[in-house]
Amino acid sequence: MLVGKRITLIIGGGIAAYKSLDLIRQLRRAGAAVTPVLTRSGREFVTPLSVAALAEAQVHEDLFDLKDEVEMGHIQLSRASDLIVVAPATANLMALMVAGLADDLASTLLLATDTPVMIAPAMNVRMWQHPATQRNLAQLRADGVEVVGPDVGHMACGEHGPGRMAEPAAIVAAIAAHFGPRPLAGQKVLVTSGPTHEPIDPVRYIANRSSGAQGTAIAAALRDLGAEVVFVTGPATVPPPEGVSVQKVETAREMLAATESALPVAVAVCAAAVADWRVTQEATQKMKKGAQDLPVIEFSENPDILATLATHARRPRLVIGFAAETENVVAHARAKRTRKGCDWILANDVSHGSGIMGGAENTVHLITADGVEDWPRLPKPEVARRLAQRIAEALA
Ligand code: C5P
């Protein structure tokens, strides 16, 4: 997959550095040559010996190392690769990159290079969410740095939230996407994601549970294969991916309008958890409690976006839906595929205790006209990559 590619891997100081050892292993297995650079604080977490052994290459550590300078000057080192990957990229390394400081080998390489750079940030949640880090992130993106992760989850420091370094497999996939073929180049695709909010009055609404994590990952995976992605999202908890056209909506009717105006598209993936009903008459003022008997709310049915796209005059070639079920997952999903007229359904069990709703992983069954494929339990980005790959094959 990465045969002949030369990767300079800068390992910053953070507990996630242990994952960089696995990253080296996976990169080597994919055929890449890895030139490791270990920062002073990175050396506190992993040893130069284990890095060198896995990379089967010399570890570069110091800016003023005469032996290094004789064999390969640091300017030459900064250019002698196809991609520089910083993993883990600490808040400090990101700040150094933004400021253009060069006070050690890693930061000097990053300043001196004309090679593309990818970072995999890893840090405490608060550090990640700090306005300074978010400012730096925006600047790095504007400077053309590719960013993979961070993931949301439990961290070594005991907190929960965004800040975990992306898994090595996800970093390898991002690297492969960087170099890789772009089978969906020139194809426009549509992804719906997140919940919809159906207002009751100016302060209340009804909604489905949805973090938007799976839809976001699908949009990112399609983008990585070169597609032009229109991402129509309700109020999700995860931020939309970079590099896609984002259309933010609130209600199902707004979502339908946004999807229809995106047509024609080659593929529509409906991952949104659309509310089935809306309140027929939204109150214009906040409904007061105690002012009357308990309110009686009348509902109307919302448009079915998936079914509308599947029967549309400008129907996408491939229409894909989800079926979130709590029982008889495959049977219900098969029936849904026929009823809605879509080509594929990704069915998943969202029953209490499955851990899928709002979780990091998903167990799906891909239902097509040919039958059912059971996929193993996978991280949501991996489900997304498999689906994107299948979509590329179907359009080929
Ligand atoms: O009928 P159900 O909500 O289970 O169908 C789920 C699938 O249909 C998902 O792909 C979802 O995005 C889509 N859907 C839709 N519009 C609706 C309801 C569901 O696009 N109003």
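Among the residues of segment 188-200, at least one is open to solvent by 10 Å² or more (accessible area, probe 1.4 Å), under 20 Å from residue 324 (Cα atoms), touching a residue at least 24 places away in the same chain (Cβ under 8 Å) and within 15 Å of the ligand (Cβ to nearest atom).
Looking at this structure, is residue 102 in contact with a Ser or Thr (Cβ under 7 Å, 6 or more places away or on another chain), more than 15 Å from residue 89 (Cα to Cα), without any contact (Cβ under 8 Å) to a residue 24 or more places away in the chain and open to solvent by 20 Å² or more (accessible area, probe 1.4 Å)?
On the way: in contact with a Ser or Thr (Cβ under 7 Å, 6 or more places away or on another chain): yes; more than 15 Å from residue 89 (Cα to Cα): yes; without any contact (Cβ under 8 Å) to a residue 24 or more places away in the chain: yes; open to solvent by 20 Å² or more (accessible area, probe 1.4 Å): yes.
Yes.
Just one of the listed residues (283, 258, 266, 272) is within 13 Å of the ligand (Cβ to nearest atom), open to solvent by less than 40 Å² (accessible area, probe 1.4 Å) and touching a residue at least 60 places away in the same chain (Cβ under 8 Å), and it is 272.
Close Cβ contacts (under 6 Å, 6 or more residues apart or on different chains) running from residues in segment 315-328 that are near the ligand (Cβ under 8 Å from one of its atoms) to residues that are β-branched (Val, Ile, Thr) comprise 320/269; 321/345; 323/345; 324/350. Inspection of segment 8-19 finds a residue satisfying the criterion of being modelled with pLDDT of 95 or more and surrounded by fewer than 17 Cβ atoms within 10 Å (Cβ to Cβ). Can we say residue 244 is at pLDDT below 95, more than 10 Å from the ligand (Cβ to nearest atom), of a type in the set (A, V, I, L, M, F, W, C) and touching a Phe, Trp or Tyr at 6+ places or on another chain (Cβ under 6 Å)? For residue 244, the condition - at pLDDT below 95, more than 10 Å from the ligand (Cβ to nearest atom), of a type in the set (A, V, I, L, M, F, W, C) and touching a Phe, Trp or Tyr at 6+ places or on another chain (Cβ under 6 Å) - is met.
Given the structure, is residue 237 at negative phi, of a type in the set (S, T, N, Q) and buried (at least 17 other Cβ atoms within 10 Å of the Cβ)? Spelling it out, it is not the case that residue 237 is at negative phi, of a type in the set (S, T, N, Q) and buried (at least 17 other Cβ atoms within 10 Å of the Cβ).
Here's the yes/no breakdown for (1) at pLDDT 95 or above; (2) in a helix (DSSP H, G or I); (3) among the polar types (S, T, N, Q):
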position: 330; (1), (2), (3): no, yes, no
position: 337; (1), (2), (3): yes, yes, no
position: 345; (1), (2), (3): yes, no, no
position: 353; (1), (2), (3): no, no, no
position: 381; (1), (2), (3): no, yes, no
position: 388; (1), (2), (3): yes, yes, no
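Considering segment 296-313, the residues that are exposed (fewer than 13 other Cβ atoms within 10 Å of the Cβ) and away from the ligand (no atom under 16 Å from the Cβ) include one that is farthest from residue 252 (Cα to Cα), namely 296.
State whether one or more residues within segment 296-303 are in contact with a helix residue (DSSP H, G or I) (Cβ under 7 Å, 6 or more places away or on another chain), closer than 22 Å to residue 257 by Cα and assigned to a helix (DSSP H, G or I). No, every residue in segment 296-303 fails to be in contact with a helix residue (DSSP H, G or I) (Cβ under 7 Å, 6 or more places away or on another chain), closer than 22 Å to residue 257 by Cα and assigned to a helix (DSSP H, G or I).
Taking residue 88, is it of a type outside the set (A, V, I, L, M, F, W, C), open to solvent by less than 20 Å² (accessible area, probe 1.4 Å) and either touching a residue at least 24 places away in the same chain (Cβ under 8 Å) or farther than 21 Å from residue 171 by Cα (or both)?
Taking the combined requirement at face value, the residue satisfies it.
The residue of segment 105-158 that is most open to solvent (accessible area, probe 1.4 Å), among those that are of a type in the set (A, V, I, L, M, F, W, C), more than 24 Å from residue 37 (Cβ to Cβ) and in contact with a strand residue (DSSP E or B) (Cβ under 8 Å, 6 or more places away or on another chain), is 152.
The values are calculated or read from the model by the stated rules, or taken from the named source; none is laboratory data. Just so it is clear, the model here is predicted, and its values are computed rather than measured. Positions of Cβ are generated from backbone atoms using ideal geometry, with glycine treated the same way; all protein chains shown enter the neighbour counts. Keep in mind that these areas ignore ligands, DNA and RNA; they rest on the heavy atoms of the full protein, side chains included. Shrake-Rupley method; radii C 1.70, N 1.55, O 1.52, S 1.80 Å.
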